Structures are given as C-alpha cells and as structure tokens.
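**Q** Encoded as structure tokens, here's the structure I'll be asking about.
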Amino acid sequence: MTPTALVTGASRGLGLALTAALTRRGTRVVVDARDAARLAAAVGALPHRDLVTALPGDITDPAHRAALARAAGDRLDLLVLNASALGPAPLPRLADLPPAAFEEVLRVNAVAPLALVQAALPALEPACGTVVSVSSDAAVEAYEGWGGYGAGKAALDLLTAVLAVEHPGLRVLAVDPGDMATDMHAAADPGADPADLADPADVAAALLDLLDGDVAGPRVRLADLTPAARP
C-alpha cells in the first residue's frame, strides 16, 4: 500500500523540501499553501509531481481543512503541521504587537493545526500514523520581538504533548528544526547571512531520519541529534 502524507505550507522552505523528499520515497503527498500560483509552480517543478495532490487555500478555513482531509483519504500515515504565520515584520516588541495580529498568529500556528488534526484523526488512527508539529526555539526561549510567534509555537508544543497522551496509538511529536534559510527567517531577521543557516533540504532529510527511528517526543530538537546519534 502506498503511504500517504499531508504537509501544510508546502510551496517553499521546509514544507516543499519535505514534499520532495517524501515523493522520492514513493509517498503520496497532499500539500497546501495560501498562494495558489506559487504552490502550482513549486509542485510543477518536482521530479515526482505525479505523487502530489496540491490544494491551495488558507489553513484557518474550515472548508479548506475538510478538503485536505478528504484528499488524504481513509488512511493517513503522516501529518506534518508546517504552515506558520510570523506576524508583523519587522518583529515588534510585545508592547507594540497589535492584538489582531497576535490573534491571527495564534489562529495559524495553534488553532488551525489542532483543527486539522481533529479532521484527520479518522484517517490517522487506522494507520497508527505520525503527527509532526513544526516548532521553534522561540517556543521555549525569550527572544526580543519573537513574543507573538513564540507564544503561538509554545501553544502548539503543549497541544502536541497533550495529543500524544490522549492518542497513544499515534506517534505525535513537536520538532524544532533549527534556523533555516527560508523566506520567513529572512523576514524575521533580514541581516542574517543565509550561508550561516541550514538548507531546508538538509533539514527535511534529518527529519525523515528522525521519523525512521524510534526517537520519542513529545518535543525534539534536530540539533540535538548528531549524525552519530540519529537512529
């Protein structure tokens, strides 16, 4: 049986790199992103695009989440909650963060991922599937300007940990991939040298190495898994 994965936020960065890596393994992948044109171009450039079902839309939209769950089918082996919102850029201090912008960050980074898990559970449970929440060091460290984004990721971390307890038949992990050379990182820290940041393709490979092994959650930092320590 061909394994199936669902990866959100897959038009660029880690989501696209992970989609490419999964399809190279023969996995069927359902993907989404808000920018329809960018998603179509990204998927169209993949060598194994025949294995990809692309559904553009906003992860905060219940109808879109339902469509993703339907596209995944009756059996879902892997759900990667990768879609994220940074919030205003340049990053404001909490005293200057508009409440409406913070609410949007929470909707994208915490509320929508939980709702998508709820929609996908009927397909995840028969497969004894895996749920990966893409986290951040901002969820556990206090960085100036990162309060809104970090709070959203901290909420996602806790939701993930509780889901792991409540659904012991699933593998549920929050994974901190570290700093990557992505558009989001460039928006958050425009002065950073991309050469000092990890390539999303390398991070995707490390994440799949992690999932191939038996590393337990509920939270994992990829940086803690040296090549020798990875399963």
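The values are calculated or read from the model by the stated rules, or taken from the named source; none is laboratory data. Small disclaimer: the values here were computed from a predicted structure and weren't measured. Neighbour counts run over all protein chains shown; Cβ positions are idealised from the backbone, glycine included.
**Q** Given the conditions (1) in contact with a Pro (Cβ under 9 Å, 6 or more places away or on another chain); (2) in contact (Cβ under 8 Å) with a residue 40 or more places away in the chain, which single one is not true for Ala205?
**A** Of (1) in contact with a Pro (Cβ under 9 Å, 6 or more places away or on another chain); (2) in contact (Cβ under 8 Å) with a residue 40 or more places away in the chain, only one is false for Ala205: (1).
**Q** State all residues of the stretch 180-193 that are part of a loop (DSSP other than H, G, I, E, B) and either modelled with pLDDT of 95 or more or within 24 Å of Leu114 (Cβ to Cβ) (or both); if no residue qualifies, say none.
**A** Hit for the stretch 180-193 is Thr182, nothing else.
**Q** So Ala119 ticks every box in (1) closer than 17 Å to Asp176 by Cα; (2) touching a residue at least 40 places away in the same chain (Cβ under 8 Å) but one. Which box is left unticked?
**A** Single failed check for Ala119: (1).
**Q** With (1) in a helix (DSSP H, G or I); (2) surrounded by 13 or more Cβ atoms within 10 Å (Cβ to Cβ); (3) at pLDDT 95 or above; (4) out of contact with any Gly (no Cβ under 9 Å at 6 or more places or on another chain) as the list, and Val220 as the residue in question, which single condition is left unmet?
**A** All conditions are met except number (1).
**Q** I need the full set of residues from the stretch 1-18 which are in a strand (DSSP E or B) and not hydrophobic (A, V, I, L, M, F, W, C), in order please.
**A** Thr4
**Q** Filter the stretch 19-33 down to the residues that are of a type in the set (S, T, N, Q) and not in a helix (DSSP H, G or I) and list them by number.
**A** First pass over the stretch 19-33, keeping only residues of a type in the set (S, T, N, Q): 19, 23, 27.
Hit for the stretch 19-33 is Thr27, nothing else.
Here's the yes/no breakdown for (1) touching a residue at least 12 places away in the same chain (Cβ under 8 Å); (2) of a type in the set (A, V, I, L, M, F, W, C); (3) crowded, with 17+ Cβ neighbours inside 10 Å; (4) over 20 Å from Leu116 (Cα atoms):
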position: Gly9; (1), (2), (3), (4): yes, no, yes, no
position: Arg24; (1), (2), (3), (4): yes, no, no, yes
position: Val31; (1), (2), (3), (4): yes, yes, yes, no
position: Ala40; (1), (2), (3), (4): yes, yes, no, yes
position: Ala45; (1), (2), (3), (4): no, yes, no, yes
position: Leu51; (1), (2), (3), (4): yes, yes, yes, yes
position: Ala66; (1), (2), (3), (4): yes, yes, no, no
position: Gly73; (1), (2), (3), (4): yes, no, no, no
position: Ala89; (1), (2), (3), (4): yes, yes, no, yes
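**Q** Could you tell me whether the stretch 155-162 includes any residue that is outside any helix (DSSP H, G or I) and within 30 Å of Ala67 (Cα to Cα)? Working first, answer last.
**A** Initially, the stretch 155-162 is screened for residues outside any helix (DSSP H, G or I), giving none.
No.
**Q** Now, a different point. Return the total of residues in the stretch 194-212 being outside any helix (DSSP H, G or I) and of a type outside the set (Asp, Glu). Steps first, please.
**A** Kept after step one, since they are outside any helix (DSSP H, G or I), are these residues of the stretch 194-212: 197-199.
Now restrict to residues that are of a type outside the set (Asp, Glu): 197-198.
Going through the stretch 194-212 one residue at a time, the tally reaches 2.
**Q** Hey, does the stretch 144-166 have a residue that's charged (D, E, K, R), surrounded by fewer than 17 Cβ atoms within 10 Å (Cβ to Cβ) and either in contact with a strand residue (DSSP E or B) (Cβ under 8 Å, 6 or more places away or on another chain) or within 26 Å of Glu104 (Cα to Cα) (or both)? Give the steps one after another, and end with the answer.
**A** Initial filter on the stretch 144-166 (charged (D, E, K, R)): 144, 153, 157, 166.
With surrounded by fewer than 17 Cβ atoms within 10 Å (Cβ to Cβ) added as a condition, the list becomes 144, 166.
With the extra rule that they be either in contact with a strand residue (DSSP E or B) (Cβ under 8 Å, 6 or more places away or on another chain) or within 26 Å of Glu104 (Cα to Cα) (or both), the set shrinks to 144.
Yes; the residues of the stretch 144-166 include at least one that is charged (D, E, K, R), surrounded by fewer than 17 Cβ atoms within 10 Å (Cβ to Cβ) and either in contact with a strand residue (DSSP E or B) (Cβ under 8 Å, 6 or more places away or on another chain) or within 26 Å of Glu104 (Cα to Cα) (or both).
**Q** Every residue in the stretch 118-143 that is within 15 Å of the chain's Cα centre (by Cα) and more than 23 Å from Leu14 (Cβ to Cβ), please.
**A** Listed by number, the list is empty, since nothing qualifies.
**Q** Test Val215 against the stated conditions and say whether it is part of a helix (DSSP H, G or I), among the β-branched types (Val, Ile, Thr) and either within 18 Å of Leu79 (Cβ to Cβ) or free of Cβ contacts under 8 Å to residues at least 60 places away in the same chain (or both). First the steps, then the outcome.
**A** Details: part of a helix (DSSP H, G or I): no; among the β-branched types (Val, Ile, Thr): yes; either within 18 Å of Leu79 (Cβ to Cβ) or free of Cβ contacts under 8 Å to residues at least 60 places away in the same chain (or both): yes.
Spelling it out, it is not the case that Val215 is part of a helix (DSSP H, G or I), among the β-branched types (Val, Ile, Thr) and either within 18 Å of Leu79 (Cβ to Cβ) or free of Cβ contacts under 8 Å to residues at least 60 places away in the same chain (or both).
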